[in-house]
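The values are calculated or read from the model by the stated rules, or taken from the named source; none is laboratory data. The shown structure was predicted, so the numbers you read here are calculated from the model rather than taken from an experiment. FYI the Cβ positions are ideal-geometry reconstructions off the backbone, even for glycines, and counts take in every protein chain you see. Ligands, DNA and RNA are excluded from the accessible area calculation, which covers all protein heavy atoms including side chains. Shrake-Rupley method; radii C 1.70, N 1.55, O 1.52, S 1.80 Å.
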Amino acid sequence: MAGKKTRKAAGKKSPKTSCDEKAKTLSSKIAFKGKVFSVRRDEVIEPSGVRATRDVIAHSGSVVVMPVLDDGKIVLIRQYRYAARQYLWELVAGRIDPGENVKQAAVRELIEETGLRARKMRQFLEFWPSPGFLEEKMFVLLAEGVTQGEAHPEEDERIEAKAFSRSELEKMLQNGVLRDAKTISSLLYYFQFVV
């Protein structure tokens, strides 16, 4: 749980809430500040009138890029993920850096991780991967008309890129080979609603 509910605001009944109401922040304190994210402790009154303490991971957001080759194959990358303690097959992804918009971040990440350049890039999905405690929003973009160039991975990245057909990816999904949530959800959405 992202924080504990403490009590309803003193002497107030729970008002009926609309979907557009937002929590009121009473206080906010940075508990940790790192290179990629920070952790904040907020005291809030939620739209229902409940007063609560919420620990939140503040994050600038991320892009997820699905490179589709002319033959319809989709490029995934394989890299070691320390938090999972294993190598994972994933779609290209990365943080939106300060000053970047979604498309700029997607272009940069695609080049860094695969060397691919896309003639056309369009967003087809966005979601919060874990909204109970994480502010990160992920934007998924389709990269089409891709050509190969030289990759420029970050210093700590060791990445293998490989193209897979739809049937190969469906088998990987069905057999539990793909274990990264952004990749699973993005591929399933793409197969169901985009192609």
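Ranked by solvent-accessible area (1.4 Å probe, protein heavy atoms only, all chains present), the residues Asp70, Asp180, Asp55 order from largest to smallest as Asp70, Asp55, Asp180. Within straight-line reach of Lys29, meaning a Cα separation under 17 Å, sit the following aspartates and glutamates at least 8 residues removed in sequence or on another chain: Asp42, Glu43, Asp55, Glu135.
The accessible surface of the chain, taken with every protein chain in place and a 1.4 Å probe, is 52 percent carbon and sulfur. Ligands, DNA and RNA excluded, the heavy atoms of His152 present near 100 Å² of accessible surface to a 1.4 Å solvent probe.
Taking each of Lys24/Lys182; Lys137/Lys171; Lys73/Lys103; Lys103/Lys182; Lys162/Lys182; Lys73/Lys120 in turn, the alpha-carbon distance tops 20 angstrom for Lys24/Lys182; Lys137/Lys171; Lys73/Lys103. For the chain, the per residue solvent-accessible surface stands at 61 Å², with DNA, RNA and ligands left out and a 1.4 Å probe.
Largest mean-square fluctuation among Lys33, Lys103, Lys182, in a Gaussian network model of the chain whose springs join Cα atoms under 10 Å apart, belongs to Lys33.
Who wins for biggest fluctuation among Gln174, Gln79, Gln123 in a Gaussian network model of the chain, springs between alpha carbons below 10 Å? Residue with maximal mean-square fluctuation among Gln174, Gln79, Gln123: Gln174. For the chain, the mean residue ellipticity at 222 nm estimated from helices alone is -4500 deg cm²/dmol, where every DSSP H run of n ≥ 4 contributes -39500 (n - 2.57) and the total is divided by all residues, rounded to the nearest 500. What does the net charge come to around Met172 if you take all other residues with beta carbon closer than 14 Å to its beta carbon, with K and R at +1 and D and E at -1? Result for the neighbourhood of Met172: +2.
Using bins of 5 Å that start at zero, the share of Cα-Cα pairs per bin across region 42-136 amounts to 2, 11, 17, 19, 18, 12, 8, 6, 5, 2, 1, in whole %. Measuring nothing but how far apart in sequence close Cα pairs (under 8 Å, 6+ apart) lie, relative to its length, the chain scores a relative contact order of 20 percent.
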